[in-house]
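These notes concern the structure reproduced below.
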Amino acid sequence: MSTPNSHSELRVENLCMTYHTEDGQDVHALEDINFNMDEGNLVVVVGPSGCGKTTLLSTIAGFLAPTSGRILLNGEEIEKPGAERGVVFQKGALFEWLTVYENSVFGLKMRGVDEAKRHERVMNYLDLVGLTDFVDTPIYNLSGGMQQRVAIVRCLANNPSILLMDEPLGALDALTREKMQTLILKIWKETGKMVFFITHSVEEAIYLATDLFVMSARPGKIMKRYKLDFCHKGLEKDPRELKSDPEFIKIREEVLSLIWSMEEETAAHAG
Amino acid sequence: MEAALTKFKNFLGFAAEDDFEKKKTVKFGDPSAAGQGRKWSVLSLIIILTAWVVLCELEIVPPLFWPSPLAVLEKFWTIATEGYRGHTLLGHFLISLYRVMAGFLLGTICGVLLGIAMGLSSVVRGLFDPIIELYRPVPPLAYIPIIIIWMGIGDGGKIMLLFLATFAIMVINARSGVKSVSVEKIHAAYSLGANRWQVLRHVILVNALPEIFTGMRVSMGVCWATLVAAEMVAATAGLGWMVLNAARYLRTDIVIMGVIVMGIVGYGFDMIMRLLEDKLIPWKGKT
Ligand SMILES: Nc1ncnc2c1ncn2[C@@H]1O[C@H](COP(=O)(O)OP(=O)(O)O)[C@@H](O)[C@H]1O
Ligand SMILES: [Mg+2]
């Protein structure tokens, strides 16, 4: 278990993942993935659909054991899911029978944290995402954006070393999505946690990332890595202005054409 | 007062058609454009009652076959106060209720437990699947002969019968309720630090509640129908028995009264289950 002042880091070493499908084929979903993450890193992964993004996240989360290679979080090898790795799903992972507060406090309750302490922590994070007025609202009465905020809060309440997010904004409308991007930056800045973020929106990726990985499909590899710093300006500058910055657009077009060329290649192979 | 009157009018469907409804150009086939039609329900009830009274007054049908509503009401009163063959109406009802409740509760408890085990473990599922699939399609009434041979015509046999009817339904519903949980919820719970037992109790079971409850509602209806029929075949008391016994002596007024009471009781059970559902599982059908 990580304490707030211990240093966190994630190491992914020679990670391979092969699925054996029912009709006897091997799908090389991940091949030789290597990267390190440190506190303050916000890693964003983009790539054509089916390139292994979810597979990669699932191995870090501990839902899947890799075929070979290993993942170390703060020096310990990952074997199963745990509270030091918070996971935010695209949707459908909140407990609709619980209220906002009950959902947020779920992890702490399961882990036996005493009531006063869990109340303080959860209210703190609910305040951070602006949900204090909705503590007793049932989940099913919330908008999609609010639901995702609850999903983030319930992870943060556990004080994890890393937040893993699999297309967390994928189901939201465009406007809510942009607001949530800024909120994610704010949370990342205030908590200083490592964030591993998957998206299929290149614009979102460039806006958020300190480290952007572009993946290729079959076998799933990290094709290109970018070090970016738009996220540092993201909170001060107007997001729309930032996203129409010439530098921003240049990188966006570069990444997009990279992904496009891969999609075409896959299509050509399939055809 | 004014408000109450408007509310009642709305309930009956006499309220002025709202503006939005009027603007709809396609009404035929649009389910939201077809109202409850309660005013027509009131009309049909009035017609039925009037026809009943008129037919009896004109003595077109002899009262022996078709007694007047008043005679039926009168019988309701006499049997409620003086009783029929040893038990008052309430007595017969309570005897039936006891059988339904005992069979229903036992069947629900056992069925839910086995259904959950089958949903969680492929071993349990494999072991019990053949038996459940074989006996599930059999109409419960088909067991009556064998149950009479084994257990006689006492309460035990009837409780057994209702147990069997409930059990099959509950196993199927509990099993599918357990299976209906999304992987994301399970993964989320483990990632939040829950252990296996907590995942079972706080996620899988709660998630299965709506389907378990649907099973209970269906079972309740089946139990009531099965019991009344079973009491007609073999019993010495109970609402079903009362009706059949009265028919032997051509007491048509008692028969009709009994049938109406059975209908109301069955309807009451369903209403109670629905109320409980709204209270206990408000998240049902919302995702
Ligand atoms: N359980 C599985 N069995 C076989 N193949 C799978 C399985 N899960 C994913 N795959 C395959 O692995 C590849 C990567 O999947 P995934 O990680 O979900 O991609 P992404 O999230 O990038 O869209 C896809 O080609 C997919 O078809
Ligand atoms: Mg995916």
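The values are calculated or read from the model by the stated rules, or taken from the named source; none is laboratory data. Quick caveat: nothing in here was measured; it's all calculated off a predicted structure. Neighbour counts are summed over all protein chains in view; Cβ atoms, including those assigned to glycine, are modelled from backbone coordinates with ideal geometry. With ligands, DNA and RNA removed, areas are computed over all heavy atoms of the protein, side chains included. Shrake-Rupley method; radii C 1.70, N 1.55, O 1.52, S 1.80 Å.
Values for this structure:
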| item | result |
| --- | --- |
| Tally, over the stretch A:81-119, of residues that are of a type in the set (S, T, Y) and either over 18 Å from A:T137 (Cα atoms) or in contact with a strand residue (DSSP E or B) (Cβ under 8 Å, 6 or more places away or on another chain) (or both) | 1 |
| Any hit, the stretch A:114-133, residues being within 9 Å of another protein chain (Cβ to nearest Cβ) and closer than 26 Å to B:L205 by Cα | no |
| B:L70, sole failed condition from (1) more than 21 Å from the chain's Cα centre (by Cα); (2) within 30 Å of B:A208 (Cβ to Cβ); (3) among the hydrophobic types (A, V, I, L, M, F, W, C); (4) open to solvent by 70 Å² or more (accessible area, probe 1.4 Å) | (2) |
| Positions within the stretch A:55-84 being assigned to a loop (DSSP other than H, G, I, E, B) and away from every other protein chain (no Cβ under 11 Å), in sequence order | A:A65, A:P66, A:T67, A:N74, A:G75, A:I78, A:E79 |
| Cβ pairs under 7 Å, 6+ apart, first in the stretch B:98-119 and more than 18 Å from B:M220 (Cα to Cα), second aliphatic (A, V, I, L, M) | B:L114/B:V171; B:I116/B:A174; B:I116/B:V178; B:A117/B:V124; B:M118/B:V124; B:M118/B:V171; B:G119/B:A174; B:G119/B:V178 |
| Only one of B:R201, B:R274 that is at negative phi, modelled with pLDDT of 95 or more and open to solvent by 20 Å² or more (accessible area, probe 1.4 Å) | B:R201 |
| Enumerated helices (runs of 4 or more DSSP H) restricted to the stretch B:39-146, each holding at least 2 residues that are among the acidic types (D, E) | B:122-135 |
| The stretch A:151-179, subset assigned to a strand (DSSP E or B) and not β-branched (V, I, T), residue nearest to ligand 1 (Cβ to nearest atom) | A:D166 |
| Residues of the stretch A:41-57 that turn out to be more than 6 Å from ligand 1 (Cβ to nearest atom) and open to solvent by 20 Å² or more (accessible area, probe 1.4 Å), as a count | 1 |
